[in-house]
Every structure is written in C-alpha cells, then in structure tokens.
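All remarks here apply to the structure that follows.
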Amino acid sequence: MIGSMGAVTPAMISGMSITVSAAASDTVLPTGIRLSKTTLTLTEGGTAILTAAVTPSNAADKTVRWTSANEKVAKVVNGKVTAVGAGRTIIAARTANGKRVTCTVIVKSSVVCS
C-alpha cells in the first residue's frame, strides 16, 4: 500500500505478502569538465575549436552547453568559437548537472594601421 506521504508498506492479499522496493539508481553523473584550452587569442573573423571532456568517462549524460559572456566579441556553437570584434570575453562549457569550465578569449582587431 502507498500511504498519503508516499511511503510504501507491505500488503497482505488473500494470504500472500507483497513487498515493493526501489532499485538503487545506476545513473553516473558528471563530476567534472575540462577544455582543450583555457585561453585563446584570435583575430576578428577567425575561428577555433574548443573540445570539452566530461568526466568520468562513463557519465550517463555528457551533454555540454556552450555560452559566450559577450557575443559582440566572440560567439560559440558546439565548441566552435568565432571572433566577432576586438575585446575579451569568457566562453563557458557547462554539463547538464551544472559543472562548469571557462576559456578566456582575446580577439584582436583585423585592422592594420600604417
């Protein structure tokens, strides 16, 4: 039987005893995330690839969400960083359960002064 607070208690039906138990979760959660680079310098219009490694290797969900703190400086899509304008920003990679790592991106102007 299931009580009002969700507790499961054994029940007796026609002389038979029925017991319900919950199995332990086998889901392995990410414990960390690493990036292939922690700093990156690009020229406007340039691109680079950042690779994220979720640990442990047997984590059930290795999904990585990428974000840029300032998309006027650099954008990121699935680890591909595109330099947009001169400046500095932070690219972050985050696991589904919130583990986070960052890469500082410096974008230099493509304008050459003579």
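The values are calculated or read from the model by the stated rules, or taken from the named source; none is laboratory data. A quick note: this is a predicted structure, and the numbers were derived from the prediction, not measured. Heads up, the Cβs are rebuilt from the backbone with ideal geometry, glycines too, and the neighbour counts pull from every protein chain shown.
A few remarks follow.
- Filter result for the condition that a residue is under 12 Å from R34 (Cα atoms) and either basic (K, R) or within 13 Å of the chain's Cα centre (by Cα) (or both), over A96, A53, A60: A53
- Filtered by the rule that a residue be farther than 13 Å from A52 by Cβ, among the basic types (K, R) and in a strand (DSSP E or B), the stretch 69-109 gives K75, R88, K108.
- Matching residues in the stretch 32-42 - criterion: being assigned to a strand (DSSP E or B), hydroxyl-bearing (S, T, Y) and surrounded by 13 or more Cβ atoms within 10 Å (Cβ to Cβ): T41
- Any chance P56 is surrounded by 14 or more Cβ atoms within 10 Å (Cβ to Cβ), modelled with pLDDT of 95 or more and within 16 Å of R100 (Cα to Cα): no
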